[in-house]
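Student: Sharing a structure with you now.
The values are calculated or read from the model by the stated rules, or taken from the named source; none is laboratory data. Just so it is clear, the structure is predicted and the values come from calculations on it, not from any experiment. Note that each Cβ is placed from the backbone with ideal geometry, even for glycine, and that neighbours are counted across all protein chains shown. In case anyone asks, the SASA skips ligands and DNA or RNA and just uses the protein heavy atoms, side chains included. Shrake-Rupley method; radii C 1.70, N 1.55, O 1.52, S 1.80 Å.
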Amino acid sequence: MKNKKWKEFGKLAGKCYLAIGMGEQDHEIWNQAFAALKEVVTAERSDGPDNIAELYLLDEITDYEYDVQGWLEDYLDDLDMREDKTELLKVCDELLGMFRWVEDMPSDINFLKSSALCSLGRKDEAVGFCKEWLEKAPDDFVAVAANVYALLEVNDMETAERLIRQHIQEDTECTDENDILFAAAVAYYKKAGNKKEMKRLDKAREEYANLLAQLFLGFDENEDDDFTWDDDDLPF
């Protein structure tokens, strides 16, 4: 039973990528694969409701044969890119309800949910959702960024600026961890008309992107050598 469900998901997931490779826009196949994945979860929990409590366990029990988390990221990206915000919100809510999210915080899913709520005109709901999320994860830069974007939607500039100043000071460097917040701050200062701060933070993001490009270029050039970067050279 379980094996059949997994095979069905794997077959449909493969068709998703095959459609992309052939340049087709078969969005329904993605929805079918997600429905199959939900059946997989139900089947895996047939022996007990606490089975597969966390998302990552789906990959662990299959030795990463299906790359479930990678496929889900691509599915959510597909929904987001085709502006199907209603379906995106539905899928986000389903995923949030399917797992416990104790060991891994669903930051990316929460961010997409907030964005979908705003796009659907449910801005106050997005603000409330982001506020509750941030209370649970005060050090999550994705949560802070989502709050800033949601607050901008309801023109609560004061609260948005306070959040930014709590996490970005004059000497704060842009890194892989906080780049998403820097982007939100740039959006805030653009709306606030503060060109000086907007340009300063935008420059910091550009410098970080250039540094990453140089690092990865260095890796490519030395891929056949026993070359390693010193930890002090890495921005993350």
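Student: Can you tally the net charge around residue 94? Count Lys and Arg as +1, Asp and Glu as -1, for every other residue whose Cβ sits under 12 Å from the Cβ of residue 94.
Tutor: Its environment carries a net charge of +1.
Student: A follow-up question, please. Among the aspartates and glutamates, which fall within straight-line cross-link reach of residue 4, defined as a Cα-Cα distance under 14 Å, with same-chain neighbours fewer than 8 residues apart omitted?
Tutor: 39, 44
Student: In a shell of Cβ-Cβ distance under 9 Å around residue 59, excluding residue 59 itself, what net charge do Lys and Arg (+1) and Asp and Glu (-1) give?
Tutor: It works out to a net charge of -4.
Student: Taking 2.2 N^0.38 Å as the expected size of a compact globular protein, what ratio does the Cα radius of gyration of the chain give against it, to two decimals?
Tutor: Normalised by 2.2 N^0.38 Å, the Cα Rg of the chain equals 1.17.
Student: A further question follows. Taking all protein chains as present, what is the carbon and sulfur share of the accessible area of the chain, in % to the nearest whole number, probe 1.4 Å?
Tutor: Whole-percent figure for carbon plus sulfur exposure: 47.
Student: Give the Cα extents of the range 81-121 along the principal axes, in whole Å, largest first.
Tutor: The Cα atoms of the range 81-121 stretch 30, 18, 14 Å along their principal axes.
Student: Further question on the same structure: Sequence gap at least 6, Cα distance under 8 Å: using those rules, report the relative contact order of the chain to the nearest whole percent.
Tutor: Over the chain, the number comes to 11 percent.
Student: Please work out the average accessible area per residue across the range 126-187, using the 1.4 Å probe convention, and give it in Å².
Tutor: Normalised by residue count, the accessible surface of the range 126-187 is 49 Å².
Student: Using a Cα-Cα cut-off of under 24 Å, which lysines could be cross-linked to residue 90, ignoring same-chain neighbours fewer than 8 residues away?
Tutor: Residue 90 reaches 5, 11, 15, 38, 113, 123, 131, 136.
Student: Just the number please: accessible area per residue for the range 39-83, 1.4 Å probe, all protein chains included, in Å².
Tutor: Averaged over the residues of the range 39-83, the accessible area is 53 Å².
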